[in-house]
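Take a look at the structure below.
The values are calculated or read from the model by the stated rules, or taken from the named source; none is laboratory data. Model, not experiment: these values are computed from the prediction. Ideal geometry is used to build each Cβ from the backbone, glycine not excepted, and the neighbour counts take in all protein chains shown.
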Amino acid sequence: MLQMTHIQKIYHTELVQTHALRELSVSVTGGEFVAVTGSSGSGKTTFLNIAGLLESFEHGTYLLDGENVSGLSDDERSNYRNQKIGFIFQSFNLIPDLNLFENVDVPLRYRRLPSSERRQRIEHALETVGLASRMKHIPAQLSGGQQQRVAIARAIAGQPKFLLADEPTGNLDTVMAHQVMELLEEIHANGTTIVMVTHDPELANRAGRTIQLVDGCVQAEEYPNIQEEVLQAARLNGSQPLSAQI
Amino acid sequence: MFKYNVKLALKSMRRNPVMTALMVAAIAVGIGVSITTLTVYYMMSSNPIPEKSDLLFAITLDSWSPLRPFDDDAPERAPHQVTFHDAERLVALAKARRQAAMFESSLIIEPLDQDDLPFEAGARVTSGDFFAMFNVPFIYGGGWDKSADAAAEPVVVLSRQLNERLFGGEDSVGNWLTMEGTRFQVVGVIDSWEPTPRFYDPINGAFQEVNDMFIPYALTRVLELQSAGSDWGWKSEEITSFEQWLNSEAVWVQYFIELDSTRDREEYVAHLDAYVSEQKRLGRFERPLNNHIYNVEQWMEYHEVVANDSKVLVGLSFLFLVVCLLSTIALTLTKFVGKKAETSLRRALGASRKTIFNQQIVEVGVIGFSGGLIGLLLVALGLQGIEYLYDSPGGLVRLDWLMVFTAVGIAIVSSMIAGLYPAWRVCKIPPAAQLKTQ
């Protein structure tokens, strides 16, 4: 599904060069729920931006859904994002003067789907996140948790293969964070691959696999929900990842 | 997608009403000024009778002083009017398909209702051919025929406005009207007719209204009608009677002809030369042969109906529009920069650069359209001001549909041009630029 090999990303300013990712290699297979953790500046968001084709990279290879996306044009990358990737951001990133229906409609508009199909998908997505009755509300009329659920509805309305979540609970209190996490787990259970960046170890441990980044490199990988003997057996069999086997 | 972009544009305009108002105002003022001057120029320079402007000719004969030309600055030009008796004879010779001598006069109308006061009305004293020559539309009746001209019958054709005033707009054909003690029979009422410029008499005002009424040229002698227009003379003549005035060398009559085709033009000039040569033998026309015929457009150019300063003014007003558009560019840039986060999000969600570019261009187009509509109101005010300034309350300088569409079109296109650079800047925003910070 997602295979990054020796990815390098350097941010250039007039005075300094910042190595955000150093020879990063990460592989995520279809149906996985991966949490990416790490301290600030460890490269989590850069990794997620590259994974979501929001940023380019200097070196390395990136295969997304079996296709090498390194050489895609800007238009092709836009199309890829629209067709295959759903985004969930820490600060929700809803458009304030569009109502919930219109916010969820944004990526579908760019896909040029017929009106009836768009409506059906939007209604279904908002039903999934429990906000179907508030379609005509604007984001300011919702709580933070509800706004994030709208953002999730927007991400899943396009039925993406791949959901990228950047600190999706970072701006929420504990109760709302758990509600959002449960929603993500439900979406994952329906077959969507999720890669989530988070600071919260408790939430990270609810993922099938955690990847810890330090200074732009993978420091550690863990499978928090798999017993050690299953893990060992899988390693011996050479199969990756293991979360699919749970 | 266009409809969606229009919807987004309207939302965006509401989001920042002050900025939007400034942008709309900048475009509206630019459009208001430029289209006002353009409309005036357009009205001045338009062909008032395109269907036959190349078949209608104004005639000039050089009956001026042998010692100096009529116009020292343009010595090749003959006087722009002819003498009464030359016009009378040329009409009688009838060498063209139609011919009309004419001048402006005024008569006192005695009211039909004894309680009303007499009032003065402007009259065009002319030949019966005038109406057919200039395609004058009638609501009732028509013009008079040649027999009325020949017999100097007291007949009158009223303007729609005068008929409204005298007869309440009813069909007044056959009714009688007393003017200067003479009873005139109404033979026709013309419909709304405002040729702009008033090509048949630019000498007395190309942008004046059409006269209140029309009466036969032959009545001049009978009623001793005085000209209310301009008259020019060069010869010191003793004039003690009206007949002497009519036979003087003063030029105060406009003379127009209609030919069957442009090929007849040279033939008619030859006819004029023959006429003048004959007059020379009688001791008149002491200058060399210098007769001219001008079609309608040439006649407008002769009288500089569209003055050069009008063209300069149009240029300056469009420069002002450019200045307004530069302000719009600055405001658009500010507005679009304020939408960086939304643009970044839309890019992340799959909008291509082209899609973002189109969205912004549609937005400035909608702003331009709004500016164009408000600009049209300013144009209407500007034209009212011009009419007031030039004392022309009849709506001669008016906004027609072509100018309305031109105004809105210019507003939309120019605002889109003004939006190109800001839209290009916005569509270059990378998708990840603002997502973390929103």
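Brief remarks on what is shown
- Filtering the range B:409-423 to residues that are surrounded by 15 or more Cβ atoms within 10 Å (Cβ to Cβ) and of a type outside the set (S, T, N, Q) leaves B:I410, B:A411, B:I412, B:M416, B:I417, B:A418, B:G419, B:L420, B:P422, B:A423.
- Among (1) charged (D, E, K, R); (2) at pLDDT below 95; (3) surrounded by 21 or more Cβ atoms within 10 Å (Cβ to Cβ) - the single one B:R124 does not satisfy: (2)
- Extreme residue, farthest from B:S106 (Cα to Cα), among residues of the range B:123-141 that are touching a Phe, Trp or Tyr at 6+ places or on another chain (Cβ under 7 Å) and not hydrophobic (A, V, I, L, M, F, W, C): B:P137
- Every residue from the range B:352-382 that is within 16 Å of B:V408 (Cα to Cα) and either touching a Phe, Trp or Tyr at 6+ places or on another chain (Cβ under 8 Å) or not assigned by TED's automatic domain parsing to the domain that holds B:L399 (or both): B:V362
- Yes/no for B:E278 being at negative phi, in contact (Cβ under 8 Å) with a residue 12 or more places away in the chain and either out of contact with any Asp or Glu (no Cβ under 9 Å at 6 or more places or on another chain) or more than 14 Å from chain A (Cβ to nearest Cβ) (or both): no
- Some residue of the range B:14-28 being assigned to a helix (DSSP H, G or I) and either aromatic (F, W, Y) or assigned by TED's automatic domain parsing to the domain that holds B:Q279 (or both): no
- Just one of the numbered conditions (1) of a type in the set (D, E); (2) at pLDDT below 90; (3) buried (at least 18 other Cβ atoms within 10 Å of the Cβ) is not true of B:E249: (2).
- B:A58 touching a strand residue (DSSP E or B) at 6+ places or on another chain (Cβ under 9 Å) and assigned to a loop (DSSP other than H, G, I, E, B): no
- Index of the failed condition, B:R198 passing every other in (1) assigned to a loop (DSSP other than H, G, I, E, B); (2) among the basic types (K, R); (3) more than 29 Å from B:P79 (Cβ to Cβ): (3)
- Some residue of the range B:334-343 being more than 14 Å from chain A (Cβ to nearest Cβ), at pLDDT 85 or above, part of a helix (DSSP H, G or I) and within 22 Å of the chain's Cα centre (by Cα): no
- Subset of the range A:67-94 [hydrophobic (A, V, I, L, M, F, W, C) and touching a residue at least 24 places away in the same chain (Cβ under 8 Å)]: A:I85, A:F87, A:I88, A:F89, A:F92, A:L94
- Strands (runs of 3 or more DSSP E) (entirely within the range A:10-115) containing at least 2 residues that are more than 14 Å from chain B (Cβ to nearest Cβ): A:17-28, A:33-37, A:59-64
- Which listed residue is more than 26 Å from B:F70 (Cα to Cα) and either modelled with pLDDT under 95 or in a helix (DSSP H, G or I) (or both), from B:F285, B:F320: B:F320
- Residues in the range B:344-382 that are touching a residue at least 60 places away in the same chain (Cβ under 8 Å) and within 13 Å of chain A (Cβ to nearest Cβ): 11 in all.
- Residue among B:N295, B:N290 that alone is within 28 Å of the chain's Cα centre (by Cα) and farther than 27 Å from B:A28 by Cα: B:N295
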